[in-house]
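**Student:** Sending over a structure as structure tokens; questions will come in a sec.
The values are calculated or read from the model by the stated rules, or taken from the named source; none is laboratory data. Note that this is a predicted model, so its numbers are computed, not measured. Here the Cβ positions follow ideal geometry from the backbone for every residue, glycine too, while neighbour counts run over all protein chains shown.
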Amino acid sequence: MSSVIQLNSISIKNETNCGYCNGGKSNKLWVTSGFYCYKMKVDEYQQLMDRGWRRCGVYYYRPALAQSCCQAYALRVVASKFQMRVTHEKVLKRIKRIKPVLLDNSNVPLQQQQKDQIENDTFIDLIKQQLQTDLDLSDLIILEKVGQHYTFKSIQYKEEDHIKYFKSIIITSLQKITKQQLNETFAIEKEELSNLLYQNFINSISELQIYEILLIKGYLNKVESDWAFGCNLIPYLYSKITAFLKNYNLPVLKLEENLKYMELIQKYLQNLGFEFKISELDHQLLIKTPQTLKEKILKSNILYYLQKFDLQSNQPQEITKKNRHQIQIKWVKAQFQDDSFEVYKKYQRAVHDKERVSKMSYCNFVCVDALDSQELGCWHMKYYLENQLIAVGVVDLLPECVSSVYFFYDPDYKKYSLGVYGVLSEIEYIQKKQITNPQLQYYYMGFYIMDSKKMAYKAEYTPCELLCPRTYRWISLTKKIKEKIEKITIYVQDVGLVDERDQEHGYSINLDGRTIDDMNFLDVDIENFIQQNVKISQTGKQFTISQLKKNYQQYFMNLFKDFLKKIGKELMKEFLFAVN
């Protein structure tokens with residue numbers, strides 16, 4: 001499944017006022033590239049961050065250091081080697097003496113009341129009544145208490161397993177199409193062209209991917225509710241064949257006109273072990289899987305009702321008690337919860353002087369589950385002190401790292417340095433998980449800006465590494481590298497660094513390395529690479545640039561050239577670019 005990038009949202013150069021220096025550095029602005037993606041695969045976001053990108057909700061952006069007032073370098077901490085400073089130890093000692101702010105009884109968190117109400121056996125019955133499903137719920141089990149929270153075991157549903165199953169059967173079936181059948185379908189007479197066409201067809205099948213799962217992701221108005229999966233099989237193969245025909249100046253029919261092709265594909269898709277049909281609207285191959293679809297909806301509903309009671313579900317339950325105080329950390333999948341929103345509003349008023357904070361802006365910023373994973377993805381670490389929420393850490397759990405998105409706290413506890421405590425807790429989480437998951441190595445803290453008080457503190461968490469914006473290698477932040485960055489920062493402020501001069505100045509902070517292969521384009525025919533690998537989708541149909549209208553082709557080619565150099569070759573192949 002590819003991450004779907006909203007093509008119309010890609011911006012190569014977006015200029016805004018800088019939130020770090022507030023325009024204090026000459027007359028330059030904060031310049032970024034960006035795009036929207038409503039569900040990003042976790043491994044692809046991991047790779048994006050290793051290219052200097054970050055997300056804010058479903059918007060992904062990357063600073064353009066050469067044009068921006070502030071020099072922002074991606075920073076990560078090597079968690080297993082983290083060295084605590086004296087200042088960090090003082091914060092932990094202060095936390096041990098933390099005392100809860102007295103609250104009126106009417107303000108006792110609703111979650112505690114709800115936990116008290118579900119101590120008895122009627123909880124499972126309550127969940128079943130809410131579900132209203134005709135599926136067998138005999139294996140629905142609310143597990144025993146873990147700490148103060150419940151987990152659940154439900155009907156197992158593995159979306160990816162079904163997709164792999166569909167794909168393997170489709171490929172096996174279509175590979176049985178003969179060279180003679182292709183010749184008759186596309187009127188090929190020359191033997192050499194016949195061999196080339198057949199090889200092109202076989203290669204295209206082997207590269208087949210099922211790009212979109214319909215229904216679950218907003219297509220309810222386009223297909224019937226019983227048809228759960230769809231793929232661009234028919235238009236995809238036809239686009240490959242017609243591209244081949246055009247190269248040899250052979251006649252090409254529109255897809256809907258080539259009835260022989262449609263009949264040939266349909267013939268080999270019969271009796272595959274699952275029911276399918278071809279959409280008349282856009283020739284999408286629709287696969288009927290009502291039972292598994294119901295199971296997916298059931299699992300989502302169970303999660304909803306458990307989280308409605310503020311209970312943990314998929315994430316391993318981890319109630320962390322420090323030695324001599326009562327702070328407890330509870331993990332909750334990113335979602336709106338009243339107590340978190342109340343703390344956020346208090347934080348914005350006290351720290352950022354914002355009197356009015358809308359629920360929508362809060363949800364778009366920290367509540368959207370932007371990453372496509374149940375176990376990993378977007379989570380809230382909620383810090384409770386004797387059942388009172390005092391802070392929330394918003395993090396992304398990724399295959400190789402924990403990425404800190406945002407942290408906010410109750411200003412009544414400002415003297416306890418909860419922001420520092422949050423960083424230490426997130427690093428400690430990684431260190432514990434490394435025992436069973438050695439792949440988890442790093443703590444990503446966002447951007448480091450040397451001359452910004454808001455951002456320079458990140459260098460205090462050592463050992464840390466910066467991403468070189470030219471070679472895309474992670475470099476240890478040593479004294480020598482700091483001196484290099486300081487020279488670049490002064491140069492940018494005084495002269496104004498531009499793309500044509502940055503290499504001459506020595507913009508790279510990597511003192512002795514080469515650019516990683518994925519971001520090295522010296523021996524790459526970029527236009528040909530884009531023609532061969534970029535996938536564009538609209539209303540279920542897939543295109544290459546060459547299939548677009550000619551007056552659009554050059555515009556998109558220029559856009560993709562710039563974008564390719566900012567994300568790399570691998571992601572350019574993986575992403576699907578959707579046109580609204």
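**Student:** Which ones in the stretch 362-402 are polar (S, T, N, Q) and under 16 Å from the mean Cα position of the chain (by Cα)?
**Tutor:** Asn364, Ser373, Gln374
**Student:** Here's something else I'd like to know. Can you pull out the residues in the stretch 35-65 that are assigned to a strand (DSSP E or B) and surrounded by 20 or more Cβ atoms within 10 Å (Cβ to Cβ)?
**Tutor:** Filtering the stretch 35-65 down to residues assigned to a strand (DSSP E or B) leaves 35-36, 40, 54-56, 59-63.
If the condition is that a residue be assigned to a strand (DSSP E or B) and surrounded by 20 or more Cβ atoms within 10 Å (Cβ to Cβ), then Phe35, Met40, Arg54, Arg55, Tyr60, Arg62, Pro63 are the ones that fit.
**Student:** Sticking with this one: Scan the stretch 520-570 residue by residue and report those that are of a type in the set (Val, Ile, Thr) and either over 23 Å from Gly34 (Cβ atoms) or without any contact (Cβ under 8 Å) to a residue 40 or more places away in the chain (or both).
**Tutor:** Val524, Ile526, Thr539, Thr544, Ile545
**Student:** Confirm whether Val492 is over 30 Å from Ile278 (Cβ atoms) and either at pLDDT 80 or above or not assigned by TED's automatic domain parsing to the domain that holds Lys254 (or both).
**Tutor:** Values: over 30 Å from Ile278 (Cβ atoms): yes; either at pLDDT 80 or above or not assigned by TED's automatic domain parsing to the domain that holds Lys254 (or both): yes.
Against the criterion (over 30 Å from Ile278 (Cβ atoms) and either at pLDDT 80 or above or not assigned by TED's automatic domain parsing to the domain that holds Lys254 (or both)), Val492 qualifies.
**Student:** Right, next: Ile213 fails exactly one of the following numbered conditions: (1) closer than 25 Å to Gln538 by Cβ; (2) modelled with pLDDT of 80 or more; (3) not acidic (Asp, Glu). What is the number of that condition?
**Tutor:** (2)
**Student:** Could you figure out which of (1) at pLDDT below 95; (2) touching a strand residue (DSSP E or B) at 6+ places or on another chain (Cβ under 7 Å) isn't true of Leu48?
**Tutor:** (1)
**Student:** How about the stretch 350-394: which of its residues are among the aromatic types (Phe, Trp, Tyr) and in a helix (DSSP H, G or I)? Give the steps one after another, and end with the answer.
**Tutor:** Taking the stretch 350-394 and keeping what is among the aromatic types (Phe, Trp, Tyr), we get 362, 365, 379, 383-384.
Of everything in the stretch 350-394, those that are among the aromatic types (Phe, Trp, Tyr) and in a helix (DSSP H, G or I) turn out to be Tyr362, Phe365.
**Student:** Within the stretch 511-528, take every residue that is touching a helix residue (DSSP H, G or I) at 6+ places or on another chain (Cβ under 7 Å) and not in a loop (DSSP other than H, G, I, E, B) and give me the one that is surrounded by the most Cβ atoms within 10 Å (Cβ to Cβ).
**Tutor:** Asp518
**Student:** Take the conditions surrounded by 15 or more Cβ atoms within 10 Å (Cβ to Cβ), touching a strand residue (DSSP E or B) at 6+ places or on another chain (Cβ under 6 Å) and not in a strand (DSSP E or B) and apply them to Lys346. Does it pass? Even if it seems obvious, please write down each step before you answer.
**Tutor:** Details: surrounded by 15 or more Cβ atoms within 10 Å (Cβ to Cβ): yes; touching a strand residue (DSSP E or B) at 6+ places or on another chain (Cβ under 6 Å): no; not in a strand (DSSP E or B): yes.
When the stated conditions are applied, Lys346 does not pass them.
**Student:** I'd like the full set of residues that are in contact with a Leu (Cβ under 8 Å, 6 or more places away or on another chain) and within 20 Å of Lys569 (Cα to Cα), limited to the stretch 56-70.
**Tutor:** Once the filter is applied, which keeps residues that are in contact with a Leu (Cβ under 8 Å, 6 or more places away or on another chain) and within 20 Å of Lys569 (Cα to Cα), the stretch 56-70 yields only Tyr60.
**Student:** Would you check which residues across the stretch 404-438 are in contact (Cβ under 8 Å) with a residue 40 or more places away in the chain, in a loop (DSSP other than H, G, I, E, B) and more than 12 Å from Ser80 (Cβ to Cβ) and list them?
**Tutor:** Correct list: Asp410, Ser417.
**Student:** Here are the criteria: (1) crowded, with 18+ Cβ neighbours inside 10 Å; (2) in a helix (DSSP H, G or I). Tell me which single one Ser537 does not satisfy.
**Tutor:** (2)
**Student:** Here's another thing I want to ask about it. Which pairs turn up if I take residues in the stretch 188-202 that are in contact (Cβ under 8 Å) with a residue 24 or more places away in the chain and more than 18 Å from Val252 (Cα to Cα) and look for partners that are polar (S, T, N, Q) and outside any helix (DSSP H, G or I) with beta carbon separation below 9 Å, at least 6 apart in sequence or on another chain?
**Tutor:** As it stands, the answer is Ile202/Gln175, since those pairs meet every condition given.
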